[in-house]
Amino acid sequence: MVDEAARLAALHEYGVLDAPADDELAAVVRVAAMLATVPTATLNLFDENRQCQLTTFGFEGADSPRSAAMCEVVVATGVPVHVADASTDERFSANPWVTGELARVRGYASVPLITPAGHVLGTLCAFDSEARAFTDEQITALEDLATVVLSLFERRRQARVTEALAVEAQQARALAEEYAQQLEARRQLTDAVHESIDVAIVVCDEFGRLSMFNRAAREWHGIEPDAGVDAEDWAGRYSLYDRDGVTPLPVPQIPLYRALHEGEVAGQEMVIAPAGRPPVRVVCTGRALRRADGSPLGAVVAMSDVTVERAQRRELADRERLLTTVLDTAQDAFVVTDPDGVVTRWNPAAEAMFGWSSIEAGGRRLEELVFPQRADGESLLARAALGNTRLVRVPARRRDGTALLVELSLAPFTWQGEKRFHAFLRDVTEREAARERLALANSELAAANDELDRFTAMVAHDLKSPLTAITAYAEVFAELGERSPSEVKAVAAITRSAARMTSMIDDLLAHAKACHEPLSLRSVDLGTLVDDLTTELRTSCGAHITITHDHLPAIPAQPTFLRQVMANLLGNAVKYVAPDVSPRVHITAESTDGWVTIRTTDNGIGIDESSRDKVFALFHREEAGAGYQGTGIGLSTCKRIIERHGGRIWIEPGPTDGTTVCFTLPARSHTAPPQRSGPDHRATADRPR
């Protein structure tokens, strides 16, 4: 049986198919026609599908389908064929070369071109348009010519190989000559480079004697090269170890030895670990060196330090293990999918949340497992690919069909050149339900507070009328003639109590008003406001009061409310002082990042640190001793007013004694007050009124 693949390989190896035939081949074909005493002859080669007439005599040759070739019989059998009249032979009578479609062959003789390995490459064929017989001597002569053709093919192949080898040898020789010419000129430059680079270079001569260590090699090995040390002692002398850093490197595995004896070495890893020095893990690449004439010159090996790289790889592997541990122990479900949304990673939290094991989830689409069909038909992965899905709440379902609400963070990433998606899913079903309950409770509480404030304002207003009557009748009663001491005392008590009740009602009305009256912001000159309040306080409390201030800006505020805040703060400052101490108050203002911070510092009795957060609560009063009275409403009202303006209020200790009350207001439109700094800057802290 013909091995067609081997036959074709042999044909292509000769490299004659489709190549121009030389004069020798043409002469052989011409001689074949003469020996067979026919007017035409051809040299045919057969590839997979065609008969290629490499050279012809007596007619113009051309390629034709292999299926139409008469010589296919010879190629298939490897046996010469000759017939006196092909038209009478059943093998050829219907062939287009016989019927007249391509020619009218009658006398026909063909011998195979057989290689020494027995492969039939084609045929040497002689034919005539007239019927004629061929003698055995003629067939034998054609076979001899076929042998000559194979010899010519072989010679051409050998010439091609020889030419390629010659070109390669010439290139190598030219390279060696060029290297030899430049070697001396480049030696100093090469030495300088060797000494400056951080790659270790070691060189030996053709006899394996060490001839050079560059700076890096000397530093890593800790010693100079010694030409007297045999290769068998290199590992011990120069501390060469296998990848494990423990096993001494066998001589056949030493990179320089391999480069010298094997020609080259690439990517070999080893460890240099001299005693008393940190080990260096290196990757070695080297090759044998040859002179211009090709004779051995030695070998060179370059060693790159990969100690840090390997440590980084280990660190990366440790980080990957840590990440895996974190994701496997995370409370949130973590899922990774391929570009089509098919699950490739499914952590234990996802198993617990949705009821699918990682094995069951793997290979199935995330949207099929977790998300019910969206009404709009839009894919979450498609949205994520466009960057439209970062953190969203979406309905999901468990394996048993029960519904849940999840907070989904879904984003694309690239892994080994392929786009993938990762998702964190958190069950927020209960949280959302709790949020709705809380919102409802807050709404109800706000409504109750509003109702309570309106009730407070109504009651306070209705109480003022009888109190005014009580005060008036007490004054009338005091003026009706002589009264006993006990009666005078009783009337004074009635008057004081009524005045105190009136003050409390006024504060309650102010507090309710601060909560509900709409804000109408205008520019208020804070300096003018403080000066006016100072005049009022000196009129009511005495000229011994000292109130000073730095330059105070104009700020946008509700004028009545801001006046109420400053009146409360200055009133507290001059009220809560020790006996026989003249009140002193100083007001400053500081503008920062669009906010104004106002500080009111006094020399009063101060507020204990533990109470600075409490004094803003409604009706809270500190124990300040006898003689200090207040309703516990004023600072709560101040807090309401400041917060409605978008600011904050708190208390700091005074620089020496007393108290500093601080509050912030936006100098322009702002959404949140600035952060306060310092341990004593606590929100909602002040002192009682």
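Assorted remarks:
- Packing rank of 280-289, 112-121, 315-324, where each peptide gets the mean count of other beta carbons within 10 Å, highest leading: 280-289, 112-121, 315-324
- Cross-link reach list, aspartates and glutamates versus residue 489, counting only Cα pairs under 14 Å and skipping chain neighbours closer than eight places: 475, 479
- Annotation: aspartates and glutamates with alpha-carbon distance below 12 angstrom to residue 419 (same-chain offsets under eight excluded): 338, 340.
- Residues whose amide H comes within less than 5 Å of that of residue 287, counting only those at least five positions distant or on another chain, are 265, 300 (H built at 1.01 Å from N in the peptide plane).
- Net charge over other residues, Cβ less than 11 angstrom from the Cβ of residue 357 (K, R count +1; D, E count -1): -1
- Cross-link partners for residue 614 among the aspartates and glutamates, with Cα-Cα distance under 15 Å and sequence neighbours closer than 8 places in the same chain left out: 622, 623, 652, 680, 686.
- Amide H within-cut-off set for residue 50, under 5 Å, with H built and near neighbours excluded: 66
- Local charge for residue 425 was computed over the other residues whose Cβ lies under 9 Å away, with Lys and Arg +1 and Asp and Glu -1, and equals -2.
- Sorting the segments 188-199, 10-21, 595-606 by their mean number of nearby beta carbons within 10 angstrom, highest to lowest, gives 595-606, 10-21, 188-199.
The numbers here are math on the coordinates, done by the rules we state, and not lab data. Every value quoted in this text rests on a predicted model; they were computed, and no experiment measured them. All Cβ positions, glycine included, derive from the backbone under ideal geometry; neighbour counts span all protein chains shown.
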